[in-house]
Amino acid sequence: MSGADWDFIVASPQRNRELPARDVSITDGQTLTLGDTTITMIHTPGHTPGSIAILMPVKDRGKQYIALMPSGGFAAPDRRSLAALEHALDVAKKQKAVALLSGHPGIYVDTLAAMETRRKNPNAPNPFFYGEARFARYLDIADECAKARLIATEQTK
């Protein structure tokens, strides 16, 4: 977790849950290598103060690609979190990401349907992969939607 989320959980403890022991605090752009796989973590506050997005290599049919996994979706409740989200999306495009993964199934794609499609026809294109150009466009649309939500929220205050 990032330092902001460690601070967040200490400030808002939940009943009947023990606080975890604080250890590593992730920083924006930090990498973590496990064996021959390196992931990049990007600070994307919004869902929580310390949300992160992870860029990670994934393999399909022996070829390596980059996937983006935002832990807090595309939440941007303020200008600071919008700037952080846009930074993460820019990094994903620069790394030529082609896929969006979620820790919450069904958020971005009907995960079960996509898995069933793949099971039925393993030689078909991977339903989780958009391709570089299409995924970059998807991220641009997500950015525009986040901006629109933020503007609408600001206008109601």
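The values are calculated or read from the model by the stated rules, or taken from the named source; none is laboratory data. The structure displayed is predicted, hence computed values, not measured ones. Neighbour counts are summed over all protein chains in view; Cβ atoms, including those assigned to glycine, are modelled from backbone coordinates with ideal geometry.
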- Starting from residues that are part of a loop (DSSP other than H, G, I, E, B) and among the hydroxyl-bearing types (Ser, Thr, Tyr), keep the ones in the stretch 1-37 and report whichever is modelled with the lowest pLDDT. SER12
- Restricting attention to the stretch 38-47, the residues that are assigned to a loop (DSSP other than H, G, I, E, B) and closer than 11 Å to MET1 by Cα number exactly 0
- Query: Among all residue pairs at least 6 apart or on different chains, which show Cβ distances below 9 Å where the first residue, located in the stretch 66-90, is without any contact (Cβ under 8 Å) to a residue 60 or more places away in the chain and the second is part of a loop (DSSP other than H, G, I, E, B) and of a type in the set (Lys, Arg)?
  - Reply: ILE66/LYS96
- Message: Restricting to the stretch 102-130, count the residues that are of a type outside the set (A, V, I, L, M, F, W, C), surrounded by 14 or more Cβ atoms within 10 Å (Cβ to Cβ) and assigned to a loop (DSSP other than H, G, I, E, B).
- Response: 5
- Message: For the stretch 74-100, which positions are assigned to a loop (DSSP other than H, G, I, E, B) and at pLDDT 90 or above?
- Response: PRO77, ASP78, GLN95, LYS96, ALA97, VAL98
- Message: So, ALA67, is that one in contact with a strand residue (DSSP E or B) (Cβ under 6 Å, 6 or more places away or on another chain) and closer than 30 Å to TRP6 by Cα or not?
- Response: yes
- If you go through the stretch 49-70, how many residues are polar (S, T, N, Q) and over 13 Å from the mean Cα position of the chain (by Cα)? 1
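Conditions (1) of a type outside the set (S, T, N, Q); (2) farther than 22 Å from GLY106 by Cβ, marked per residue:
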position	(1), (2)
PRO13	yes, yes
GLY29	yes, yes
THR37	no, yes
GLY50	yes, yes
LEU55	yes, no
ALA75	yes, no
ASP78	yes, yes
- Message: Criterion first (out of contact with any strand residue (DSSP E or B) (no Cβ under 7 Å at 6 or more places or on another chain), surrounded by 19 or more Cβ atoms within 10 Å (Cβ to Cβ) and either at pLDDT below 95 or under 15 Å from ASP28 (Cβ atoms) (or both)) does GLY50 satisfy it?
- Response: no
- Query: Among the residues of the stretch 51-63, is any in contact (Cβ under 8 Å) with a residue 60 or more places away in the chain and in a strand (DSSP E or B)?
  - Reply: yes
- Verdict on ILE39 being under 25 Å from ALA142 (Cα atoms), surrounded by fewer than 20 Cβ atoms within 10 Å (Cβ to Cβ) and under 11 Å from the mean Cα position of the chain (by Cα): no
- Which of the residues belonging to the stretch 84-138 are touching a strand residue (DSSP E or B) at 6+ places or on another chain (Cβ under 8 Å) and hydroxyl-bearing (Ser, Thr, Tyr)? SER102, TYR108, TYR130, TYR138
